[in-house]
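First the structure, in the form of structure tokens, and then the observations on it.
The values are calculated or read from the model by the stated rules, or taken from the named source; none is laboratory data. This is a predicted model, so every value here is computed, not measured. All Cβ positions, even for glycine, are placed from backbone atoms using ideal geometry, and neighbour counts span all protein chains on display.
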Amino acid sequence: MTGASGSILAYRLAQYLAKRDDIETHGIISDAAKLTFTQEMGLPFKSLSSCFDVLHDSKNIGATIASGSYQHSGMLILPCSIKTLSAVANCFSSELISRAADVCLKEGRPLLLAIRETPFHLGHLQLMEKAAQMGAIVFPPIPAFYAKLDSVEKMIDVTLGRMLSRLGIENDLYEAWTGLSGQDS
């Protein structure tokens, strides 16, 4: 989790995954993310940090997940700031988030970047292109309006469900599209 706005997304996902016994979660929360979380959510940081099975210090580039020999299914940076996108796209691994992301790319593991910035300027788009060319999945948290979402909570769940699905994690946060109603297949 980086310092970009969108703490509710990371918090909801961490809460959802904490209830699952089949997934071990490792969290990395930057100092800026801690500040953003308490500002946006009005909750103590402990309410987020307690959701992870393992919480890594963002400055610990010697953590297990900083090594390609540590086996895992992939990484989601949510929300992903432009600063972190730049670090990933330019292989600048000065802290654990960008180091673990770089390891995912070099090992061919899924890396999903939930870029939380708008509007994008050309530099942002070029960084996204560069990250995608390296194998990252660029997945800004854009709502799927066709899902007829009637609450912010459902919008968040559908977005998170699609992100988890893209990482190969089955979930019940959204329903797959079944086509236009009333149309023959």
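The number of residues in region 99-120 that are in a loop (DSSP other than H, G, I, E, B) and of a type in the set (Lys, Arg) comes to 2.
Screening 77, 61, 8 for residues that are in contact (Cβ under 8 Å) with a residue 60 or more places away in the chain, within 20 Å of residue 107 (Cα to Cα) and among the β-branched types (Val, Ile, Thr) leaves exactly one candidate, 77.
When every residue of region 14-26 is checked against the conditions, none turns out to be closer than 28 Å to residue 126 by Cβ, modelled with pLDDT of 95 or more and outside any loop (DSSP other than H, G, I, E, B).
Considering (1) out of contact with any strand residue (DSSP E or B) (no Cβ under 8 Å at 6 or more places or on another chain); (2) farther than 12 Å from residue 1 by Cβ; (3) of a type outside the set (Ser, Thr, Tyr); (4) surrounded by 17 or more Cβ atoms within 10 Å (Cβ to Cβ), the lone condition that residue 19 does not fulfil carries the number (4). Residues of region 50-66 that are assigned to a helix (DSSP H, G or I) and under 14 Å from residue 30 (Cβ atoms): none at all.
If you go through region 139-151 and keep only what is under 18 Å from the mean Cα position of the chain (by Cα) and at pLDDT below 95, you end up with 142, 143, 144. Only a single criterion out of (1) of a type in the set (Gly, Ala, Ser); (2) at pLDDT 95 or above; (3) assigned to a loop (DSSP other than H, G, I, E, B); (4) closer than 21 Å to residue 159 by Cβ is not satisfied by residue 69, namely (4).
On the stretch given as region 169-185, residues that are at pLDDT below 95 and either within 18 Å of residue 78 (Cβ to Cβ) or not hydroxyl-bearing (Ser, Thr, Tyr) (or both) total 9. Of the residues making up region 141-156, one or more are closer than 27 Å to residue 72 by Cβ, buried (at least 20 other Cβ atoms within 10 Å of the Cβ) and either touching a residue at least 12 places away in the same chain (Cβ under 8 Å) or out of contact with any His (no Cβ under 9 Å at 6 or more places or on another chain) (or both). Going through region 123-139 one residue at a time, which ones are touching a strand residue (DSSP E or B) at 6+ places or on another chain (Cβ under 8 Å) and either part of a helix (DSSP H, G or I) or more than 21 Å from residue 108 (Cα to Cα) (or both)? Listed by number, the residues that qualify are 124, 128, 131, 132. Just one residue in the set 115, 82, 61, 97 is under 18 Å from the mean Cα position of the chain (by Cα) and surrounded by fewer than 20 Cβ atoms within 10 Å (Cβ to Cβ); that residue is 82. Residues in region 27-49 that are surrounded by 14 or more Cβ atoms within 10 Å (Cβ to Cβ), part of a helix (DSSP H, G or I) and either of a type in the set (Lys, Arg) or in contact with a His (Cβ under 7 Å, 6 or more places away or on another chain) (or both): 34 only. Contact map, region 98-110: first residue closer than 9 Å to residue 68 by Cα, second residue part of a helix (DSSP H, G or I), Cβ cut-off under 8 Å, separation 6 or more or different chains; pairs are 100/65; 100/66; 103/65; 103/66.
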